[in-house]
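Inspection log for the structure reproduced underneath, given as C-alpha cells.
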Amino acid sequence: MAEIPMAETPMAETPMAETPMTGTPDGGFWTTPPGRSTLGSWLLTTDHKRIGLLYLWCILAFFAVGVLLGLLIRLELIAPGRTIMAQQTYNAVFTLHGVIMIFMVVIPSIPAAFGNIVMPLQIGAEDVAFPRLNLFSWYLYILGAAIAVVSLFTGGGAPDTGWTFYVPFSATTSTNVNVAVLAVFILGFSSILTGLNFIVTIHRLRAPSMGWTRMPLFTWGLYATAWIQVLATPVLGITVLLIFAERVLGLGLFDPARGGDPILYQHLFWIYSHPAVYIMIVPAMGVISDVIPVFARKNIFGYKTIAISSLAIAFAGSLVWAHHMFVSGMSDVAVMVFSLLTFIVAIPSAVKVFNWVSTLYKGSIYLDPPLIYSLGFIFLFSMGGVTGLVLGGAGTDVHVHDTYFVVGHFHYVIFGGTGFGLFAAMHFWFPKVYGRLYNLKIANVAAVILVIGLNMLYFPMYLLGLEGMPRRYYDYLPQYTDLHVVSTVGSWITAAGLALMAWNLWRGLRHGAPCGPNPWGAATLEWTLPSPPPTENFGPVEPEVTRGPYDFKGIEREEVVA
Amino acid sequence: MHAHEEGHHPPSYRLLIGVWGALMVLTAVTVWVAQVPLGFLNVVAAMAVATCKALLVTLFFMHLKDENWTFKGMVLLVFVILAIFIGFTFFDTAYR
Ligand SMILES: [Cu+2]
C-alpha cells in the first residue's frame with residue numbers, strides 16, 4: 001500500500017498497573033460492572049469481546065469432544081474387525097464427530113469467536129452494529145448445540161447418516177435424524193445473524209479515517225465470509241427442512257418412485273456446504289495475512305490482491321458445488337462445467353499463498369508461536385489444496401471418490417488450515433485479551449508436535465485412498481492395516497500436541513508474565529488499546545488512523561517477547 | 001427504515017384487489033401453459049410466470065415499491081443469486 005501516507009503515530013504509552021501473578025485476568029472488560037453478579041454480567045453481556053469469548057470457550061469445549069470422538073474412530077480402525085465398538089456405534093460416532101466439528105466448531109470458530117473479539121477493535125468501533133442481536137446469535141448457537149445433544153439420547157438412537165444427511169438413507173433411517181436436522185437449522189440462523197451483523201458493522205462503524213484500503217486483512221476476510229454466511233446459509237436451512245418434511249410428511253421430493261430426484265438433494269446440500277468450506281477457511285486466511293507481516297516486520301506483499309482474492313473466493317467458490325457429485329449420475333455437461341470452475345477457485349487461494357511467502361522474503365523474521373502456526377498453516381493448507389485439485393479434476397476424482405483420499409484432503413485443509421488459523425489467532429491475540437503471555441518456547445514445541453502428528457495422521461489416508469480404501473467403512477481388508485496403524489499412532493501424537501498447547505495457554509492466562517498494549521509490535525488499531533482493552537474500547541473519541549495496517553515504522557516489540 | 005414516515009400512504013384497496021386479480025390470472029396461465037406440450041420450454045414458462053408473481057407480491061403486498069434503493073438492491077441481489085443457483089443446476093438436469 002505504497003500510496004498511503006505513512007505518518008508517525010505516537011503509540012499510546014499506557015502504564016500497566018502491576019497485576020498480581022496469579023488468579024484470573026483482571027482489568028479492562030474483565031471487570032464486572034458494579035451492581036451485577038459475575039455470571040449475570042457474562043450471560044447478559046452485549047460487549048462484543050465477552051460474546052466472542054463465550055463463543056470461544058464453547059467452541060473449544062465442543063472441539064475437545066470432537067477430538068475425543070476422532071480418537072475413538074482412529075482407535076477402532078487400528079486393526080480390521082471389531083476393536084472397541086460395534087458397527088452401529090461406529091456409524092453414530094463418525095456422524096457425531098462430523099456434525100460437532102463442522103456445525104459447532106469449525107463454522108463458528110474464527111468468525112464468531114475472534115471476529116467478535118477483534119474485528120470491532122481493528123476498525124476502531126465501539127461494538128458491533130447490533131450488540132443485542134449478537135448476544136441472541138450466541139443463544140441460538142447454544143440452543144442448536146443443546147438440541148443436537150438431545151438428538152443423541154432420544155428417538156430411535158443417535159443419527160448414523162454422516163454429517164451430509166444424504167437421501168435416500170436419511171429419509172428412511174430409524175435413527176433420530178429429525179431432531180438433528182432441526183439443530184442444524186437453528187445453528188444456521190446463528191451463523192446468518194453473525195454474518196449480517198459483521199456486514200453492517202464493517203460498512204457503518206469503521207473509524208472515519210479508515211478507508212476500505214486501510215482495513216486490516218483479517219477484517220477483509222471476515223467481510224467476504226459474512227456475505228457467504230448471509231447468502232448461502234439459508235439454502236442449508238431449506239435443505240434440512242426438506243429432509244424433515246420428507247421424513248415427517250412423506251412428500252417424496254427426493255424419491256424417484258414418486259417423481260422426486262435424489263440428486264436434487266445433493267445439489268441443495270452442496271450449494272451451501274461447498275461455500276461453507278470458505279466460511280471455514282477465508283477467516284483463517286485473514287488471520288495468517290495479519291500475523292505474517294508482524295513477524296516479518298515488513299509490509300504485506302500485495303495487500304489489494306489479498307483483499308480482492310477473498311471476495312473472488314467467496315464469489316467463485318459459490319459456483320463449484322457439484323464437484324462433490326461427479327459420480328452421482330449427474331449429466332456429463334455439469335461434470336465438465338463444475339470441474340472447470342473448481343480449477344478457477346484454486347487461483348485466488350494460490351495468490352494468497354504466493355503473497356504470504358513473498359511477504360516473508362527478505363523480512364527480519366521472529367519465530368514466535370503465531371508465526372510458527374502460520375507457517376504450519378501454509379504447509380498443511382498447501383498439502384490439502386493441491387490434493388483438492390486431484391478431487392476437482394473429473395477424471396482423477398472417479399478413481400479416489402469416496403475413499404480415504406477425500407478424508408485426508410478435507411482434514412489437511414480444515415484441521416491443518418482452519419485449525420492452525422484458529423491456533424495462530426489464539427496465540428496472536430492472547431496477550432491482547434488476557435494482558436499476559438504464555439510460555440513461547442513450549443508453544444513452539446507444541447506447534448511442531450502438531451505438524452508432525454497431523455502429517456502422520458492424515459498422509460497415510462492419501463495412500464489408503466489411492467489404494468482404494470473406501471471412507472466411512474467400519475472394517476477393511478488386511479492389506480490396509482499398516483497404514484491405518486501409522487494413522488492411529490499419528491492421532492495420538494496430534495492429541496499430545498493439542499494437550500501441550502492447551503496446558504501452556506491455560507498456565508499462561510493464570511501465571512503468565514504481564515505484557516503491555518503491543519507485545520508483538522503490530523500496527524493495527526487493536527494494539528493501541530491497553531491489554532486487556534476497556535469495555536468501551538476507544539471511548540467516545542474516534543481513533544485516528546494515521547498509518548497502514550502493516551506499516552511498522554517506529555513500532556518496537558516489547559521486552560517481554562524479546 | 002420506515003418509508004411510511006416520509007408520507008407514503010398505505011396502498012388503496014383498488015390496487016391491492018387489482019394485484020390479487022393479476023395473481024389469479026397468472027395462476028390460471030401457469031395451469032394452462034402446463035397442459036401445452038412445449039418440452040423444455042414448459043419449465044421456462046412456469047419459471048417466468050412464477051417470477052412475475054413473486055415480483056407483484058414483493059413490490060405491492062410487501063411494500064418493496066416504497067423502500068429505498070438499498071433494500072431494492074439487496075432483494076434484487078438475492079434473486080439474481082437464486083437464479084444463478086437454479087440456472088447452474090440446469091447444467092445437470094437439462095442434459096441428463
Ligand atoms: Cu467442495
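Kirkwood hydrodynamic radius of segment A:286-342, from the reciprocal of the average inverse Cα-Cα distance over all distinct pairs: 13.7 Å.
The residues neighbouring A:TRP520, those whose beta-carbon lies less than 13 Å from its own, together hold a net charge of -3 under the Lys/Arg +1, Asp/Glu -1 convention. What are the DSSP H helices in chain B that stretch 24 Å or more along their long axis, judged by alpha-carbon atoms, and whose average Kyte-Doolittle hydropathy comes to at least -0.5? Taking the DSSP H segments of chain B (at least 24 Å long, mean hydropathy at least -0.5), we get B:13-35, B:69-93. Stokes-Einstein diffusion of segment A:336-382 at 10 °C, 1.306 mPa s viscosity, Kirkwood radius from Cα pairs, rounded to a whole number: 128 µm²/s. With all pairs of different alpha carbon atoms counted, what Kirkwood hydrodynamic radius in Å does segment A:415-479 show? About 14.6 Å for segment A:415-479. The alpha carbons of segment A:407-562 give a radius of gyration and a Dmax of 21.0, 69 Å, in that order. For A:LYS362, a cut-off of 17 angstrom between C-alpha atoms picks up these lysines, skipping any fewer than 8 places away in its own chain: A:LYS298, A:LYS553. Take the convex hull of the alpha carbons in segment A:236-347; its mean projected area over all directions comes to 8.8 nm². Applying the Karplus relation 6.51 cos²θ - 1.76 cosθ + 1.60 with θ = phi - 60° to segment A:103-114 yields 3J(HN,Hα) values of 7, 10, 10, 6, 5, x, 2, 6, x, 5, 7, 7 Hz, where x marks Gly and Pro. In degrees, nearest 10, range 0 to 90: what is the angle between the Cα axis of helix A:177-204 and the longest Cα principal axis of chain A? Rounded to the nearest ten degrees, it is 30. Against chain A, whose longest principal axis comes from its Cα atoms, helix A:404-413 is set at around 10 degrees.
Residues of segment A:385-417 with amide nitrogen under 19 Å from the 7 Å Cα-to-Cβ point of A:ASP332? Under 19 Å, as judged by backbone N against the label point of A:ASP332, lie A:393-399 of segment A:385-417. Students often get this wrong: which residues of segment B:62-96 have the backbone nitrogen under 20 Å from the point 7 angstrom along Cα-to-C-beta of B:ALA46? Hits in segment B:62-96 for B:ALA46 at 20 Å: B:82-96. Across the accessible surface of the protein assembly as shown, with the other protein chains kept in place and a 1.4 Å probe, carbon and sulfur atoms take up 72 percent. Across all C-alpha atoms in segment A:35-100, the radius of gyration and Dmax reach 18.3, 61 Å.
Amide H contacts of A:ARG436 (H built 1.01 Å from N, in plane; Pro and chain starts excluded): A:CYS515 sit under 5 Å, all sequence-distant by 5 or more or on other chains. For the protein assembly as shown, the equivalent ellipsoid derived from the Cα gyration tensor has semi-axes of 41, 34, 24 Å, listed largest first. Between chain A and chain B, roughly 1300 Å² of accessible surface gets buried, counting both sides and using a 1.4 Å probe.
Using only side-chain charges placed at the Cβ, +1 for Lys and Arg and -1 for Asp and Glu, the dipole size of segment A:75-209 relative to its Cα centre rounds to 180 debye.
Taking 30 Å as the straight-line reach from the Cα of B:LYS53, the lysines in range (excluding those fewer than 8 positions away in the same chain) are B:LYS65, B:LYS72.
By the Stokes-Einstein formula, at 0.890 mPa s and 25 °C, segment A:253-314 with its Kirkwood radius over alpha-carbon pairs has D equal to 170 µm²/s. Measuring with a 1.4 angstrom probe and ignoring ligands and nucleic acids, A:VAL413 comes out at about 20 Å² accessible. Over all orientations, segment B:11-94 has a Cα convex hull whose mean projected area works out to 6.2 square nanometres.
Once the Cα atoms are used to define both axes, helix A:87-99 deviates from the longest principal axis of chain A by about 30 degrees. With N the number of residues in segment A:230-278, Rg(Cα) / (2.2 N^0.38 Å) evaluates to 1.19.
If I take R0 = 41 Å and measure r between the Cβ atoms of A:LEU43 and B:ASP66 in this structure, what FRET efficiency does the formula 1/(1 + (r/R0)^6) give, to the nearest 0.05? Result of the calculation: an efficiency of 0.55. Within segment B:58-96, the residues that become at least 40 Å² less accessible when every protein chain is included than when their own chain is isolated (1.4 Å probe; DNA, RNA and ligands ignored) are B:PHE85, B:PHE88, B:THR89, B:PHE91, B:ASP92, B:TYR95, B:ARG96. Once the piece of chain linking B:ALA22 and B:VAL75 is laid out straight, how much longer is it, given 0.36 nm per residue of separation minus the C-alpha distance between them? Computed gain between B:ALA22 and B:VAL75 is 16.9 nm.
Distances between placed amide hydrogens fall under 5 Å for A:THR403 paired with A:ARG471, all partners being 5 or more residues away or on another chain. The modelled label-to-label distance between B:TYR13 and B:ALA94, using points 7 Å beyond Cα along the C-beta direction, is 4.6 nm. Cα-based values for segment A:426-517, radius of gyration first and Dmax second, are 18.3, 58 Å. Each of B:VAL29 and B:VAL57 was given a label point 7 Å from its Cα along the Cα-to-Cβ line. The distance between the two points is 1.6 nm.
In straight Cα distance, which lysines are under 17 Å from A:LYS49, not counting same-chain residues fewer than 8 positions off? Once the sequence-local lysines are set aside, what remains near A:LYS49 is A:LYS432.
Measuring nothing but alpha carbons in segment A:124-239 and taking Rh as the Kirkwood radius, the Rg to Rh ratio lands at 1.12.
Calculated [222 nm] ellipticity per residue, helices only, for chain A: -20500 deg cm²/dmol; basis is -39500 (n - 2.57) per DSSP H run with n ≥ 4, divided by all residues, nearest 500.
The values are calculated or read from the model by the stated rules, or taken from the named source; none is laboratory data. In this text the structure is predicted, and so the values were computed from the model without any measurement. Ideal geometry is used to build each Cβ from the backbone, glycine not excepted, and the neighbour counts take in all protein chains shown. We work out accessible area using only protein heavy atoms, side chains counted, and drop any ligands, DNA or RNA first. Shrake-Rupley method; radii C 1.70, N 1.55, O 1.52, S 1.80 Å.
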